[in-house]
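The values are calculated or read from the model by the stated rules, or taken from the named source; none is laboratory data. Values in this document were obtained by computation on a predicted structure and should not be read as measured data. Every residue, glycine as well, gets a Cβ built from its backbone with ideal geometry; the counts of neighbours run over all protein chains shown.
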Amino acid sequence: MGYKVDLDAFSGPMDLLLYLVRRSEVDIYDIPIAEITEQFVGYIELMDALDIEYAAAFLVMAATLMDIKARTLLPSEAIDDDAEQDDWLDPREELIRELLEYKKVRDTAIYLDERFEDRSRRFESGGETPQVGERPLEEVQVWDLMSAFADLLKETGQAVSEIVSSELPVKSFMSQILARLESFGRVEFTLLFEDRSDRAALIGVFLALLELMRMRKVRAFQDGDFARITIELCAPEQPPENSGTTGD
């Protein structure tokens, strides 16, 4: 396809790890490391198959998770040293501490963004009131989209390893998505993938959607955690009211 979406523009490995913990509905203090490690590696394999660029930090996190998983499998009687015994009791401790710190920063950033958007809407002229239950784009993570895309592949009976690149440029799929949204307004995520027998088109549409989101030309909503995803055009940015005035 000759085109790659830069995943770093969306999020990093801690964001994915936090997403998996939330999706699994487990206590952050008691992470099922084997299950989470398998899921984390699965997302990396999906990104590789889709030819999506991601930072080396994802591989570092995967290695860290696998190391912790291996240490949790060690029999406690095989460790004699007291210091090592304490470390064996919960090798996840450092990871949990870092994840909690990341969550605190992320939650604060989301809160500030929501306050900013709320304040902006108060002074917008003709701005639409969002419908009850919607969540802004910032809360519909790229991982929600990748999970939905993986489910779509399963429904069509296609393995990730079977995906092939399309000869069409991603910009062509971007134009198709924009045209459809301009015609129909909001469109459910799965309905963007009309020809599900064309593996090349599936990956082309998905990469185009990620790029449009990165460019803030489209945004996504969900009615709740891990619910159905809906895509719509972003409202064009309004120039300042005094932008046409000059000081002459």
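Could you please find all residues in segment 18-38 being part of a helix (DSSP H, G or I), of a type in the set (A, V, I, L, M, F, W, C), surrounded by fewer than 16 Cβ atoms within 10 Å (Cβ to Cβ) and without any contact (Cβ under 8 Å) to a residue 40 or more places away in the chain?
ALA34
Filtering segment 220-245 down to residues that are polar (S, T, N, Q) and in a strand (DSSP E or B), which residue is modelled with the highest pLDDT?
So, considering only residues that are polar (S, T, N, Q) and in a strand (DSSP E or B), the one modelled with the highest pLDDT is THR230.
Looking at this structure, is GLN158 outside any helix (DSSP H, G or I) and either of a type in the set (S, T, N, Q) or at pLDDT 90 or above (or both)?
yes
Yes or no: ASP87 of a type in the set (D, E, K, R), in a helix (DSSP H, G or I), at pLDDT 85 or above and out of contact with any Lys or Arg (no Cβ under 7 Å at 6 or more places or on another chain)?
Judged against the criteria, ASP87 is not a match.
Got a sec? Which of GLU25, GLU53 is in contact with a helix residue (DSSP H, G or I) (Cβ under 9 Å, 6 or more places away or on another chain) and either within 23 Å of VAL140 (Cα to Cα) or modelled with pLDDT of 90 or more (or both)?
Just one listed residue meets the conditions, GLU53.
Only one of (1) of a type in the set (D, E, K, R); (2) without any contact (Cβ under 8 Å) to a residue 40 or more places away in the chain; (3) under 15 Å from TYR102 (Cβ atoms) fails for ASP15. Which number is that?
(2)
Among the residues of segment 195-216, count how many are under 23 Å from LEU233 (Cβ atoms) and surrounded by 17 or more Cβ atoms within 10 Å (Cβ to Cβ).
Number of matching residues: 13.
If I go through segment 217-227 residue by residue, how many of them are among the basic types (Lys, Arg), farther than 23 Å from ARG23 by Cα and crowded, with 17+ Cβ neighbours inside 10 Å?
Matching residues across segment 217-227 total 0.
Being surrounded by fewer than 18 Cβ atoms within 10 Å (Cβ to Cβ) and within 18 Å of ARG228 (Cα to Cα) is the filter; apply it to segment 169-186 and report the residue that is nearest to the chain's Cα centre (by Cα).
Restricting to residues being surrounded by fewer than 18 Cβ atoms within 10 Å (Cβ to Cβ) and within 18 Å of ARG228 (Cα to Cα), the top hit is ARG186.
Quick one: what pairs do we get from segment 171-198, first residue of a type in the set (Ser, Thr, Tyr), second outside any helix (DSSP H, G or I), C-beta under 8 Å, 6+ apart or different chains?
SER197/THR156
Report every pair of residues separated by at least 6 positions or lying on different chains whose Cβ atoms are under 6 Å apart, first residue within segment 208-219 and outside any helix (DSSP H, G or I), second modelled with pLDDT of 90 or more.
VAL218/LEU212; VAL218/ILE231; VAL218/LEU233
Counting only residues that are of a type in the set (S, T, N, Q) and farther than 23 Å from LEU46 by Cα, how many does segment 173-222 have?
3
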